[in-house]
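**Student:** Pasting in a structure now, in structure tokens, and then I'll have a few things to ask.
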Amino acid sequence: MLLKICGISHVDDAIAAAQAGADFIGVILVPSSKRHVSLEQAERIFAMSPVRNVLVTRDMPLAELQCIIDRLHPHAVQLHGGESADYATAIRHTNVWKAFNLNSPFDLNAATAFPAEFIVADSGGGTGTPCDWQMAAALARRRKILLAGGIDAKNVQEAIDAVQPDGIDVSSGVESAPGIKAPIKLKNLAEAISRMNSQKPQRQH
């Protein structure tokens, strides 16, 4: 079970997430987000991060995004807007992940067809509200997914049992304030996932 800690805004939090067992950290370049960082901050965090880095964007002009990718060299770019399949397939030199808010069968079908390494099943991006687990489970039977939305150490086992995702994408569930990660919450979440990893074989596609 993969673990991504999103909304990282400080180098110390990136290191703490890695020490807790995260596989990925996410940095958000969306000005409207409470966890937004500048390009210079993102560069510093990525340079010091011990794990794979994911750049989170929303409806950024493609040429601008490609320049940032070529500067920061993220493992993946996670798209959170209305980006099209053509936009995604035009991205070069990194992996593409795409977030979908699963609210209807239309969303499920769109997520299934989208050209991305991972689909992130979400409820709205950083709101702390769980997504529709039943719909996310249907998507997980079709695609490789990360489950996001309102996940913390208390409900992660229930979420994983219900959805059977490939990984978990967490932000507010490990914070003391927006963009400020709480080490004890990171530790508790990572330990809960580690226990499940030791008990269950990873789902194959």
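**Student:** Is it the case that Gly7 is within 22 Å of Gly124 (Cβ to Cβ), in contact (Cβ under 8 Å) with a residue 24 or more places away in the chain, in contact with a Ser or Thr (Cβ under 6 Å, 6 or more places away or on another chain) and in a loop (DSSP other than H, G, I, E, B)?
**Tutor:** Numbers: within 22 Å of Gly124 (Cβ to Cβ): yes; in contact (Cβ under 8 Å) with a residue 24 or more places away in the chain: yes; in contact with a Ser or Thr (Cβ under 6 Å, 6 or more places away or on another chain): yes; in a loop (DSSP other than H, G, I, E, B): yes.
Yes; evaluated as a whole, the condition is true for this residue.
**Student:** Please find, within the range 113-127, the residue that is surrounded by the most Cβ atoms within 10 Å (Cβ to Cβ) out of those that are in contact with a helix residue (DSSP H, G or I) (Cβ under 8 Å, 6 or more places away or on another chain) and modelled with pLDDT under 80.
**Tutor:** Gly126
**Student:** Within the range 128-151, is there a residue that is at pLDDT below 90 and exposed (fewer than 15 other Cβ atoms within 10 Å of the Cβ)?
**Tutor:** yes
**Student:** Another question about this same structure. Of everything in the range 69-86, what is out of contact with any Lys or Arg (no Cβ under 6 Å at 6 or more places or on another chain), of a type outside the set (D, E, K, R) and surrounded by fewer than 19 Cβ atoms within 10 Å (Cβ to Cβ)? Give them in sequence order.
**Tutor:** Passing the criteria: Ile69, His73, Gly82, Ser84, Ala85.
**Student:** Let me ask you something else. Does any residue of the range 88-108 turn out to be buried (at least 17 other Cβ atoms within 10 Å of the Cβ), among the basic types (Lys, Arg) and in contact with a Phe, Trp or Tyr (Cβ under 6 Å, 6 or more places away or on another chain)?
**Tutor:** So far as the range 88-108 goes, yes, one or more of its residues are buried (at least 17 other Cβ atoms within 10 Å of the Cβ), among the basic types (Lys, Arg) and in contact with a Phe, Trp or Tyr (Cβ under 6 Å, 6 or more places away or on another chain).
**Student:** Say whether the condition of being among the aromatic types (Phe, Trp, Tyr) and closer than 15 Å to Val174 by Cα is met by at least one residue in the range 20-33.
**Tutor:** yes
**Student:** Going by the structure shown, is Gly167 in contact (Cβ under 8 Å) with a residue 12 or more places away in the chain, over 13 Å from the mean Cα position of the chain (by Cα) and surrounded by fewer than 23 Cβ atoms within 10 Å (Cβ to Cβ)?
**Tutor:** Values: in contact (Cβ under 8 Å) with a residue 12 or more places away in the chain: yes; over 13 Å from the mean Cα position of the chain (by Cα): no; surrounded by fewer than 23 Cβ atoms within 10 Å (Cβ to Cβ): yes.
Judged against the criteria, Gly167 is not a match.
**Student:** Got a number for residues in the range 99-124 being outside any helix (DSSP H, G or I) and more than 14 Å from Asp59 (Cα to Cα)?
**Tutor:** Qualifying residue count, the range 99-124: 15.
**Student:** So is Ala99 over 21 Å from Ala17 (Cβ atoms) and either at pLDDT 95 or above or among the hydrophobic types (A, V, I, L, M, F, W, C) (or both) or not?
**Tutor:** No, not satisfied.
**Student:** If I ask for residues that are charged (D, E, K, R) and either surrounded by 18 or more Cβ atoms within 10 Å (Cβ to Cβ) or under 19 Å from Leu186 (Cα atoms) (or both), which ones from the range 1-46 would you list?
**Tutor:** Lys4, Asp12, Asp13, Asp23, Arg35, listed by residue number.
**Student:** Looking at (1) assigned to a loop (DSSP other than H, G, I, E, B); (2) in contact with a helix residue (DSSP H, G or I) (Cβ under 9 Å, 6 or more places away or on another chain); (3) at pLDDT below 95, find the lone condition where Ser176 falls short.
**Tutor:** Checking Ser176 against (1) assigned to a loop (DSSP other than H, G, I, E, B); (2) in contact with a helix residue (DSSP H, G or I) (Cβ under 9 Å, 6 or more places away or on another chain); (3) at pLDDT below 95, the one that fails is (1).
**Student:** List pairs: first in the range 177-198 and farther than 13 Å from Ala153 by Cβ and in contact (Cβ under 8 Å) with a residue 24 or more places away in the chain, second surrounded by 15 or more Cβ atoms within 10 Å (Cβ to Cβ) and of a type in the set (S, T, N, Q), Cβ under 7 Å, 6+ apart or cross-chain?
**Tutor:** Note: pairs meeting the criteria are Gly179/Ser9.
**Student:** Follow-up question, since we're still on this one. Go through the range 88-99 and give me each residue that's in contact (Cβ under 8 Å) with a residue 24 or more places away in the chain and under 24 Å from Ile25 (Cβ atoms). Before you say what the answer is, go through the steps one by one.
**Tutor:** In the first step, residues of the range 88-99 are kept if they are in contact (Cβ under 8 Å) with a residue 24 or more places away in the chain; the result is 88-94, 97, 99.
Of everything in the range 88-99, those that are in contact (Cβ under 8 Å) with a residue 24 or more places away in the chain and under 24 Å from Ile25 (Cβ atoms) turn out to be Ala88, Ile91, Arg92, His93, Thr94, Trp97, Ala99.
**Student:** Pick out the one residue from Val56, Val96 that is out of contact with any helix residue (DSSP H, G or I) (no Cβ under 7 Å at 6 or more places or on another chain), farther than 13 Å from Lys181 by Cβ and not in a loop (DSSP other than H, G, I, E, B).
**Tutor:** Numbers: Val96 fails: out of contact with any helix residue (DSSP H, G or I) (no Cβ under 7 Å at 6 or more places or on another chain).
After ruling out the rest, the residue left standing is Val56.
The values are calculated or read from the model by the stated rules, or taken from the named source; none is laboratory data. Please read these numbers as outputs of a predicted model, since none were measured by experiment. Note: ideal-geometry Cβ built from the backbone for every residue, glycine included; neighbour counts use all protein chains shown.
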